[in-house]
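Notes follow the structure.
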Amino acid sequence: MAFSRHPLPRLDRFDASLYLQGPLIDRTSDTPCGVTDVFIYGFDEAIGAQLVTQRDAWGAAHDAGAEVFLAGFAAAANPPGNFAVMGDIQDLFICAHEPGADEAAKWHGVQHRVFNYWNPFVCNEQPEIYRRNHGLLLWQQDYDGAMDYAYQDSGGSTWNDFDHSPTRDIAFA
């Protein structure tokens, strides 16, 4: 992961060829710190036409040796869903809400991976929910992993659940 003082352009609003020149990873030699893969995050939770506008940029990312991932929705939750629009080019799909084996089968059918998130957000102080939903349930539905929305997102102080509404802080703290 890299950080910059300058904001990066959105993947749906720039000519990727200006930024991605040559391979991001030299796979012919030892890589620094053992890094062998670079993932570029697309426009978060984009749907339909918002996904399609990213196609050229994702192609440029692939040409530079990167893979593309982002969070989105299955067709059942938000038609037509990520797979119907970008399943051929999206390397890792982070599927919101309840996982389903049929969704996993689509992604695995094109040798791509599928993770789950927002099942639930990270604000419940009930460890069993996360053990079941991020463990057994994902195994049963043939998902490859889980990602949480955030480990820390607060509307005020992370240590005060009552300093904003309508929800508590979203945090594993």
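Read the figures in this text as sums done on the coordinates, not as results from a lab. None of the values given here were measured: they were computed from a predicted structure. Methodologically, a virtual Cβ is constructed for each residue, glycine included, from the backbone with ideal geometry; neighbour enumeration extends over all protein chains shown.
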* **Gap separating the Cα centres of the stretch 119-146 and the stretch 88-103, nearest whole Å** => 15
* Please express the Cα-Cα pair-distance distribution P(r) of the stretch 34-171 as a list of whole percents, one per 5 Å bin, running from 0 to the bin with the greatest distance. => 2, 10, 18, 19, 17, 15, 11, 6, 2, 0
* Mind checking the full-extension length gain between Q111 and A171? Use 0.36 nm per residue of separation minus the Cα-Cα distance, one decimal, nm. => 18.3 nm
* Structure fact -> Two pseudo-spin positions, 7 Å from Cα along C-beta at S157 and at A101, lie apart in nanometres by 4.9
* Asked: What list of ³J(HN,Hα) values in whole Hz, one per residue of the stretch 118-133 in order, does the Karplus curve 6.51 cos²θ - 1.76 cosθ + 1.60 (θ = phi - 60°) give from phi, with Gly and Pro shown as x?
  -> 6, 9, x, 4, 8, 10, 8, 8, 9, x, 4, 4, 6, 4, 6, 6
* For R131 and M147, compute 0.36 nm times the residue count separating them, minus their Cα-Cα distance, and round to one decimal in nm. => 4.4 nm
* Structure fact -> Simple spin-label estimate for F39/Q140, 7 Å along Cα→Cβ, in nm, reads 2.5
* Antiparallel DSSP beta bridges within the stretch 34-171, as percent of all bridges there, nearest 5 -> 10
